[in-house]
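The values are calculated or read from the model by the stated rules, or taken from the named source; none is laboratory data. Remember, predicted model here, so these are calculated numbers, not experimental data. All Cβ positions, even for glycine, are placed from backbone atoms using ideal geometry, and neighbour counts span all protein chains on display.
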Amino acid sequence: MKVLISIVIGLLVVGCGESAEEQSTETDENSNTPEKPVKELTAEEKKVVGTYSGLYTRDGQTHFRSNGLVFWHYVGEKYEVGKWSIIGKEVHFRHSFGVLAGDVAVYRINKDGSLTNIAYIEKDGKRIDPPEEEQDTVKRVKDAKPTSETKEPPANAGKELKPEDVVGSYEAGLGGITFRFVLLDSGVVENYFNGIKEPEDAKWKIQGAEVHIEKGKSDGTIIVNKIEPNGDFTVFARIRNGKREDFQNRTYKKIK
């Protein structure tokens, strides 16, 4: 699914910056100055405005603004990544970056405030409605209370991994998109998005029973993964600013 997904080391945004419109309508998040919406919001639109985790990013947060813009905060930077609107009973998010520019992700608003990616509309107008098991849901975290910190287990908990347990290609398909990453025996991670290799690689290393992945240009955040008994690869936690927390819990199938 062409959601703005949290994936292990997913899509790199290049050349996206803060727009003049954003500069004129948004303020520092710590400021008391309110955001200026372009128009009066409807009740349904008010349900969408907020901050979400697990949407589009491998790490970071995505913000649906009251002025219709969507921004992604990642490693201290803010990027404009598209615009959103309500069409009927659906939230339509039109991407404005890279290979996804012009594509539309379609979401359902859930009672708990989360968004479920129910469809995808390609540039030519073709709509793809994947089965329910392939629909991804992201949580709204604005004003949410912090969760208790997850204590980091010993690095050697469980079966200690060997390089041959880890090296390989892993893949997950969501809607019309295939995410694939390859862990090489050199310690490099290559990432592919619908067969297109991303320009920036990551690094992996074994920590006891876990595989830790860190992107080349990052704030030091480490994505924590495990190898399943059948060889599949599961993302389940991250470590940033020295604190470990639950993250994603998504499994990628080993393909070779």
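Applying the selection to region 161-176, what residues are within 17 Å of the chain's Cα centre (by Cα) and either surrounded by fewer than 20 Cβ atoms within 10 Å (Cβ to Cβ) or outside any strand (DSSP E or B) (or both)?
Answer for region 161-176, where residues must be within 17 Å of the chain's Cα centre (by Cα) and either surrounded by fewer than 20 Cβ atoms within 10 Å (Cβ to Cβ) or outside any strand (DSSP E or B) (or both): Glu171, Gly173, Leu174, Gly175, Gly176.
Output the number of the condition that Asp59 fails; it satisfies all remaining conditions of (1) crowded, with 20+ Cβ neighbours inside 10 Å; (2) at pLDDT 75 or above; (3) outside any strand (DSSP E or B).
Failing condition for Asp59: (2).
Name the residue that is nearest to the chain's Cα centre (by Cα), counting only residues in region 118-133 that are surrounded by 17 or more Cβ atoms within 10 Å (Cβ to Cβ) and modelled with pLDDT under 90.
Tyr120
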